[in-house]
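Reading through the structure tokens given below for one structure.
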Amino acid sequence: MTDDKTISKTLSYWLRHRPDAGGLTLDANGWTSADAVMDALIREHAIDWDRLIAVVEDNDKQRFEFSADLAQIRARQGHSVEVDLALDPAAPPDQLFHGTVERFLAAIRTEGLRRMRRHHVHLSGDLETARRVGARRGVPVILTVDAAAMAADGHVFFRSNNGVWLTDGVPARYLRD
Ligand code: HQG
């Protein structure tokens, strides 16, 4: 049987990056028909509705959400395709954290944190989450972001509804080791 992580990765790919690869179309806010997702998953992984609901509800980072009537599904953040998640600006904690790896540090210290292929730079409210994000790429290096100073200088922050802090970019002067 396909494991939950594989199904979650397939959903992330379709709902954040390549809806066409699943034969899906996202609306302006990133939603797509849950029936269409189910049909596509049946083709790829032979799973049923109960399994899809379990993957969404038990997902370690709550990456996906259903609409209230279960008719639609979307990724909560992390898109590279253009979507408007209609997030409200939020006041960040004084410090936020970013987990990365040594090989990016020289560029980050010069250019700051850039959003790369995503809509925003992703920041974590706690060290452990940042460590796990960095560990995806190797030995994690944690940078501390002076979010209080950024906010005071007019930088806008959003908090996705699964708890990830998002901002357009972090200029190098707000980064601490
Ligand atoms: C780095 C996962 C060179 C940055 C995770 C990172 C997270 C630079 C990489 C979420 C740079 C981008 C996001 C610069 C940033 N020069 N490298 N100026 N600025 N970088 O995947 O933060 O499982 O787009 O440090 O858990 O690693 O998908 O961002 O290493 O929450 O739900 O460029 O993705 O969540 O990589 O990860 P990413 P990220 P999911």
Open item on the list: To the nearest 20 Debye, how big is the dipole of segment 92-138 about its Cα centre, given +1 on the beta carbon of each Lys and Arg and -1 on that of each Asp and Glu?
Closed with: 360 debye
- [ ] Assuming a ≥ b ≥ c are the square roots of the Cα gyration tensor eigenvalues, decide whether the chain counts as rounded (a/c under 1.5), prolate (otherwise, with a/b larger than b/c) or oblate.
- [x] prolate
Open item on the list: Please compute the length gained on full extension between TYR13 and VAL81, using 0.36 nm multiplied by the number of residues separating them and subtracting their Cα-Cα distance.
Closed with: 23.4 nm
Task: Over the chain, relative contact order from alpha-carbon pairs under 8 Å, at least 6 apart, % - done: 21 percent
- [ ] Give me the number: length gained by fully extending ASP50 to ARG136, i.e. 0.36 nm times residue separation minus the C-alpha to C-alpha distance, one decimal in nm.
- [x] 28.0 nm
TODO: Collect residues whose amide H, placed 1.01 Å from N in the peptide plane, falls under 5 Å from the amide H of HIS79; neighbours closer than 5 in sequence don't count.
DONE: HIS119
TODO: Determine the shape class of segment 4-75: with a ≥ b ≥ c the square roots of the Cα gyration tensor eigenvalues, call it rounded for a/c under 1.5, and otherwise prolate if a/b is greater than b/c, oblate otherwise.
DONE: rounded
Task: Shape call, segment 95-176: gyration tensor on alpha carbons, a/c limit 1.5 - done: oblate
Open item on the list: How big is the dipole moment of segment 1-155 about its Cα centre under a simple scheme where the beta carbon of each Lys and Arg is +1, that of each Asp and Glu is -1, and everything else is neutral? Debye, nearest 20, please.
Closed with: 840 debye
Open item on the list: Defining a contact as two alpha carbons under 8 Å apart and six or more residues distant in sequence, what relative contact order in percent does segment 95-176 show?
Closed with: 42 percent
TODO: Would you please name the GluC sites (Glu not before Pro) within segment 72-154 that are DSSP coil residues with at most 16 other C-beta atoms within 10 Å of their C-beta?
DONE: GLU82
Task: Within segment 76-177, trypsin sites (Lys or Arg not before Pro) in DSSP loop having at most 15 other beta-carbon neighbours inside 10 Å - done: ARG114, ARG115, ARG117, ARG118, ARG136, ARG137
- [ ] Give, in nm to one decimal, the length gained when the segment between ASP69 and ALA28 is fully stretched (0.36 nm per residue of separation minus the Cα-Cα distance).
- [x] 12.9 nm
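Any read-out appearing in this document is the output of simple, stated calculations on the displayed coordinates, not a laboratory observation. Owing to the predicted nature of the structure, the values given are computational and were not obtained by experimental measurement. Positions of Cβ are generated from backbone atoms using ideal geometry, with glycine treated the same way; all protein chains shown enter the neighbour counts.
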